[in-house]
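Taking it in order: structure first as structure tokens, then the write-up.
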Amino acid sequence: MVLLSTQSSGQFCSEKSLVIDAFNLVPGFRCTRTCDHCSNDSSPLRTEALSENEVLTIIDQLNKYQPAQIVLTGGEVTIYLDIVERVLKNLKFQFKVTLTTNGSFAGDLSRIEKVLSRITNLELVQLSFDKFHGSSIDSKTPQLLKSYCNAKGIRFLLSVCVSEAKDLEFAADAKDKYGCDVIFQKIEASGRAKQTGVQFKYRIFENKVLDQKCPNSGTISFTPGKGFSNCCSNLIFNHKLAGVAGGTIDELVESRFFKESTGLTFGARLKELGLSEAALEPMHSAPCTLCEFIELKKIPTKGFKPCG
Ligand code: SF4
Ligand code: SF4
């Protein structure tokens, strides 16, 4: 096992093993929707899913690193229940599962039972629900999912992506209407969101980002065709960059990219390039856009090799 730590200090520790708080599993990119703000370009036309080799590698690495939380995200995860079941049933440690879903499967309570009962240790259901999803999701869906989750002791919340400040009103209305918790996330310029230009717009450069590190430092993701990475955003979905993902978690954590993106602040990474705040624009207030700006100056855009 690799001897280091990604605890919030971001310092490497010679006596501790890598601690992974959460593991994001992306079983595939097929989805029932084609949302403008999708960070990974999922749609009904996408066919890429985890290969057999990738499934075996994920099972092996999860049993080695034993993250407490496994987050299922996509694509629409419920299209991939066979893969999800296969991974979860082969894990030999204690874990809890979060499902992110667009709710397209949740037409009635018996269908919800049929789908969600196949997900081992399900603790939290996050329904993507915002102006991009909300206008096309049946208004009964949040209520049905909430009822099912309440009866089974599963937490349920609405996840709202924010493109502009007024989207918060949508979230407040949804909270009142459905009586459940709501979480917010500013849309990064990743995947289809970058193509459609619906990322959150900053009016000025907010320099507090310079004191931050990759917001995903305690999380590892596996992206089909790319591998393990702390990145689940701009660098993974806007480019094919060598060194941003590894074929194993061990390989990832040995990389320059992992050490710098989880261990150094954006300000320190910028300084290493001999640059200052003067080189930045308002859009670089978004951590992933700033990270992309920095890494594209370092990583050759040739030499990408898909894993698995
Ligand atoms: S944002 Fe979610 S629901 Fe929309 S296309 Fe992407 S994965 Fe599907
Ligand atoms: S783009 Fe950079 S900051 Fe954003 S998730 Fe990826 S590694 Fe982290």
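The values are calculated or read from the model by the stated rules, or taken from the named source; none is laboratory data. As the structure is a prediction and not an experimental result, all values here were calculated from the model. Positions of Cβ are generated from backbone atoms using ideal geometry, with glycine treated the same way; all protein chains shown enter the neighbour counts. Just so you know, the surface numbers come from the protein's heavy atoms only, side chains and all, with ligands and any DNA or RNA stripped out. Shrake-Rupley method; radii C 1.70, N 1.55, O 1.52, S 1.80 Å.
Values computed for the structure shown
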{"item": "Number of the condition not met by Val160 [criteria: (1) surrounded by fewer than 17 Cβ atoms within 10 Å (Cβ to Cβ); (2) farther than 19 Å from Leu109 by Cα; (3) away from ligand 2 (no atom under 16 Å from the Cβ)]", "result": "(1)"}
{"item": "Tally of residues being at pLDDT 95 or above and near ligand 2 (Cβ under 10 Å from one of its atoms) across the stretch 216-231", "result": "5"}
{"item": "Residues being part of a strand (DSSP E or B) and touching a helix residue (DSSP H, G or I) at 6+ places or on another chain (Cβ under 8 Å) - total across the stretch 168-197", "result": "3"}
{"item": "Pair list, Cβ under 8 Å, 6 or more apart: the stretch 198-213 residue touching a residue at least 24 places away in the same chain (Cβ under 8 Å) and in a loop (DSSP other than H, G, I, E, B), other residue hydrophobic (A, V, I, L, M, F, W, C) and open to solvent by 60 Å² or more (accessible area, probe 1.4 Å)", "result": "Gln199/Met283; Lys201/Met283; Tyr202/Met283"}
{"item": "Selection count where residues are open to solvent by less than 40 Å² (accessible area, probe 1.4 Å) and farther than 11 Å from Asp130 by Cα, scope the stretch 167-187", "result": "3"}
{"item": "Within the stretch 14-24, tally of residues that are more than 16 Å from ligand 2 (Cβ to nearest atom) and modelled with pLDDT of 95 or more", "result": "0"}
{"item": "Selection status of Ile249, away from ligand 1 (no atom under 16 Å from the Cβ) and within 21 Å of Gln69 (Cβ to Cβ)", "result": "yes"}
{"item": "Only one of Ala68, Ala49 that is aliphatic (A, V, I, L, M) and in contact with a Gly (Cβ under 6 Å, 6 or more places away or on another chain)", "result": "Ala49"}
{"item": "Failed item in (1) within 12 Å of ligand 1 (Cβ to nearest atom); (2) at positive phi; (3) out of contact with any Gly (no Cβ under 7 Å at 6 or more places or on another chain), with Val77 passing the rest", "result": "(2)"}
{"item": "Selection count where residues are at pLDDT below 95 and open to solvent by 20 Å² or more (accessible area, probe 1.4 Å), scope the stretch 239-250", "result": "5"}
{"item": "Pairs where the first residue, in the stretch 54-75, is within 28 Å of Leu127 (Cα to Cα) and modelled with pLDDT of 95 or more and the second is open to solvent by 30 Å² or more (accessible area, probe 1.4 Å) and assigned to a strand (DSSP E or B), C-beta under 7 Å, 6+ apart", "result": "Ala68/Lys96; Gln69/Lys96"}
{"item": "Condition broken by Ser104, with the remaining ones in (1) under 20 Å from the mean Cα position of the chain (by Cα); (2) in a helix (DSSP H, G or I); (3) surrounded by fewer than 18 Cβ atoms within 10 Å (Cβ to Cβ) satisfied", "result": "(2)"}
{"item": "Failed criterion for Ile236 (all others in (1) of a type in the set (A, V, I, L, M, F, W, C); (2) within 16 Å of ligand 1 (Cβ to nearest atom); (3) at pLDDT 95 or above; (4) assigned to a loop (DSSP other than H, G, I, E, B) hold)", "result": "(4)"}
{"item": "Those residues of the stretch 188-213 which are loosely packed, with under 14 Cβ neighbours inside 10 Å and among the charged types (D, E, K, R), in sequence order", "result": "Arg203, Glu206, Lys208, Asp211"}
{"item": "Residue in the stretch 118-136 that is more than 16 Å from ligand 2 (Cβ to nearest atom), assigned to a helix (DSSP H, G or I) and open to solvent by 80 Å² or more (accessible area, probe 1.4 Å) present", "result": "no"}
{"item": "Residue list for the stretch 36-51, filter: surrounded by fewer than 21 Cβ atoms within 10 Å (Cβ to Cβ), in contact (Cβ under 8 Å) with a residue 40 or more places away in the chain and in contact with a strand residue (DSSP E or B) (Cβ under 7 Å, 6 or more places away or on another chain)", "result": "Glu48, Ala49"}
